[in-house]
1. For Glu341 and Ala253, what is the calculated FRET efficiency with R₀ set at 30 Å and r taken between the beta-carbons, to the nearest 0.05?
2. How would you classify the stretch 135-203 from its alpha-carbon gyration tensor, with a ≥ b ≥ c the square roots of the eigenvalues: rounded for a/c under 1.5, else prolate if a/b is greater than b/c, otherwise oblate?
3. Could you tell me which of Gln255, Ala240, Thr224 has its Cα farthest along the dipole of the stretch 211-368 towards the positive end, charges placed at Cβ (Lys, Arg +1; Asp, Glu -1), taken about the Cα centre?
4. With r defined as the distance between the Cβ atoms of Ala242 and His289 and R0 fixed at 25 Å, what FRET efficiency is calculated, to the nearest 0.05?
5. Please work out whether the stretch 186-310 counts as rounded, prolate or oblate from its C-alpha gyration tensor, where a ≥ b ≥ c are the square roots of the eigenvalues and a/c under 1.5 means rounded, while otherwise a/b larger than b/c means prolate and anything else oblate?
6. If you take every DSSP beta bridge fully contained in the stretch 211-368, what fraction is antiparallel? Give it as a percent rounded to 5.
7. Let's see if you can work this out: charge +1 on each Lys and Arg Cβ, -1 on each Asp and Glu Cβ, no other charges. What is the dipole magnitude of the stretch 177-224 about its Cα centre, in debye to the nearest 20?
8. Please work out how much length the chain gains when fully extended from Thr113 to His362, using 0.36 nm per residue of separation minus the C-alpha to C-alpha distance, in nm with one decimal.
Amino acid sequence: MVEKSPGRVRSRRRNHAGFSSLTEHVLELLASGQASTRTELVGLLGAAPSTISFAVSQLLEHGLVAEEGTVSSAGGRPRKVLRIGGSDGFAVAAELGGRHARVGVALPGGRLTDVATVPFPTAEGPDAALPGLAEALQGLVDQHGRTRLRGIGLSLPGPVDVTRGVVALPSRMPGWNRFPVRDWLENRFGVPVAIENDANCMAVGEHSAQPVERHQSIMVKAGTAIGAGVIADGRLYRGAGAAGEITHVRVEAAQDTPCSCGNTGCLETVASGAALVGILRGRGLDVDHTEDVVRLARDADPEATRAVRQAGRYLGQVLAANVNFFHPDAVYLGGSLSTLEPFVAAVRSQLYEGCHPLVTEHLVIERASLGADAALVGAGRFALQQALNRTLNAAGPGRIGALTPPVARAVPSRSGPVPW
């Protein structure tokens, strides 16, 4: 049986613990900090109050949720606050780049602490790069308590097979293809590990910080490479596995320029940070990395500014087709190129020029509000959710009351339905 609500579909399938998927979703919303009362759950899920109360009663019966105090409500009696047990859990998360990684501690509800940048020699392969990352993560675990660690989240700059826990055919990660990244980390730390593409992590992280009414969005990461993550009906949309690969859409301006994917004329060859490095070198500028391009553009170098603006136009042209097709509530721009106003302005201009007026009438086009933290927040959410799923799947009806759930409510967010 399927229960439908506005903009969402709720399945009544049950997991190994005997919970319906609606009950699991209630637990997810409470665990992620997006709801703390029955009334909020009704509003987010679009279900009847009696249905929500039944789901909550199941969680209360099994000890996964507790009622602690009340909050005031406008024009009504105080509402009981629902909280997850084991509220002191955390995850460690990392966003991998070409030469560095950003690491941090992800707390329930989306908060980050102890964010730092550490060396990460991606080009030297996983055997050389992962031990140093593991040491950095271990340092965070030691600071916050090993017994409280619930999971690890990893944001990777390439296509990810989330089922197998590997990177699949990455263009800028030599030696990483099909390497068992997830298994390597799980063997090292002994906790659930979630790995995901960086654009998808950014999409999930940014969605958690946006107003509840924005159920559909496209997050574009524009840095050394280009990627996109899609949120549909409040959840990450993967398609058959690789949704959002706009970087390999062919554009007329790229002509027959070879791309790392093996084709020619892809968007990446004219609009990515790596492409801009090559373009500016050809014009006699001393650039080696995308950071150099960003620095020159911030210093108002005319060649760099012109190249950045043109890259934004090319990206906007490709995005326009996707926005017309999908009609999202918002387009968010992240990555180092999104910090440059000429780039953002060019993307926005192309979307208004290339999309139907009905599509852009209420369309939000803006930089990611979480900035550089978006991917870390998303990776942390994936990690905590992975831990929660394992708890539910491993538990039987007779055992579940003895388990401590891995995530808890912290700071209320402005997010919509849980986007994983």
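What follows draws every value from the coordinates through simple rules; no lab data is involved. Here the structure is a predicted model, which means the values were calculated and not measured. For neighbour counting, all protein chains shown are included, and Cβ atoms are generated from backbone atoms with ideal geometry for every residue, glycine included.
1. 0.85
2. Details: a/c = 2.15, a/b = 1.87, b/c = 1.15.
Cα axes put the stretch 135-203 in the prolate bin.
3. Checking the options against the dipole of the stretch 211-368, the answer is Ala240.
4. Numbers: r = 27 Å, r/R0 = 1.06.
For R0 = 25 Å, the calculated efficiency reads 0.40.
5. Details: a/c = 1.80, a/b = 1.75, b/c = 1.03.
It is prolate, given that a/c is not under 1.5 and a/b is the larger ratio.
6. Values: 11 of 20 bridges.
Counting only bridges with both partners in the stretch 211-368, antiparallel ones make up about 55 percent.
7. Values: 5 positive and 6 negative charges, 26 e Å.
The dipole magnitude comes to about 120 debye.
8. 86.2 nm
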